[in-house]
Amino acid sequence: MEILRTEQSLNLCFKPLYMLDQSDLKVCYPNARSLHKHIEDVRRDINYSSMDIMIFTETRFNSSDTDDIYNIDGYRLFRNDVSQGTGPGRPYGGTAVYSRVPLKEGYPYAHNVNGIEFTIIKTESNPHLNIIAVYRSPNIAISRLLSSLRSVLDEDSSAQNIIIGDFNVNWMVESDRQSLYNLMVVQNHYVQATDNRLYNRQQNVN
């Protein structure tokens, strides 16, 4: 272990989140597969603690859970919980937003449509930029995802949007891929984020 720490140390092939430029707005979106279970892991991970906004899906929070169970120092918590349902145990969905930057008044807010979780976020420093967090369960039809996205995008067509989330779309299935591609790229001119830069309608918004 001493040799690995000194003589044979390796450089990472990627740039850790905590080493990103501090002037950038840093947003991450992991599927937690139960933030209820992994909240301590998140609290101890310096990649997460370097983020300005953290968005987690599949939180599996119960409506009876109090916020203090899930608080993270320095961050404000917003919960978009899903209903418990009829079965035993915790619900499978749910979205949580943690922010340490000032947000515009009234944000975040939940805008769930057709069983799809939408959480809309705006910061005070970028009031014309919507961060739209999306979670679709694989049990919900792609057609419902597409119609829900249309309704959300039509609400404020002049705004710049960052759409981030877990669509649960199998990119190997052409019919699913093509329908989402047509909506986002062909019809609305969105561009996939690359090289840590975010684009919407051909404009740099990071």
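Key figures for this structure:
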| item | result |
| --- | --- |
| Where R177 falls short, out of the listed (1) farther than 24 Å from S34 by Cβ; (2) in contact (Cβ under 8 Å) with a residue 12 or more places away in the chain; (3) assigned to a helix (DSSP H, G or I) | (2) |
| Pairs with Cβ under 7 Å, 6+ apart, first in the range 25-39 and open to solvent by 50 Å² or more (accessible area, probe 1.4 Å), second small (G, A, S) | H38/A32 |
| Matching residues in the range 1-21 - criterion: being farther than 16 Å from D52 by Cβ and either within 29 Å of the chain's Cα centre (by Cα) or surrounded by 10 or more Cβ atoms within 10 Å (Cβ to Cβ) (or both) | N11, L12, C13, F14, K15 |
| Residue ranges of strands (runs of 3 or more DSSP E) in the range 83-151 with at least 1 members in contact with a strand residue (DSSP E or B) (Cβ under 9 Å, 6 or more places away or on another chain) and either acidic (D, E) or on the phi > 0 side of the Ramachandran plot (or both) | 117-121 |
| Flag if I55 is farther than 21 Å from N168 by Cα and either in contact with an Asp or Glu (Cβ under 6 Å, 6 or more places away or on another chain) or open to solvent by less than 50 Å² (accessible area, probe 1.4 Å) (or both) | no |
| Selection from the range 158-174 of residues that are in contact with a helix residue (DSSP H, G or I) (Cβ under 8 Å, 6 or more places away or on another chain), more than 12 Å from Q192 (Cβ to Cβ) and not in a strand (DSSP E or B) | F167, V169, N170 |
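The values are calculated or read from the model by the stated rules, or taken from the named source; none is laboratory data. Small disclaimer: the values here were computed from a predicted structure and weren't measured. Don't worry about glycine lacking a Cβ; one is built from the backbone with ideal geometry, like all the others, and counts go over all protein chains shown. Each accessible area value is taken on the protein alone, full model and side chains, heavy atoms only, with ligands, DNA and RNA left out. Shrake-Rupley method; radii C 1.70, N 1.55, O 1.52, S 1.80 Å.
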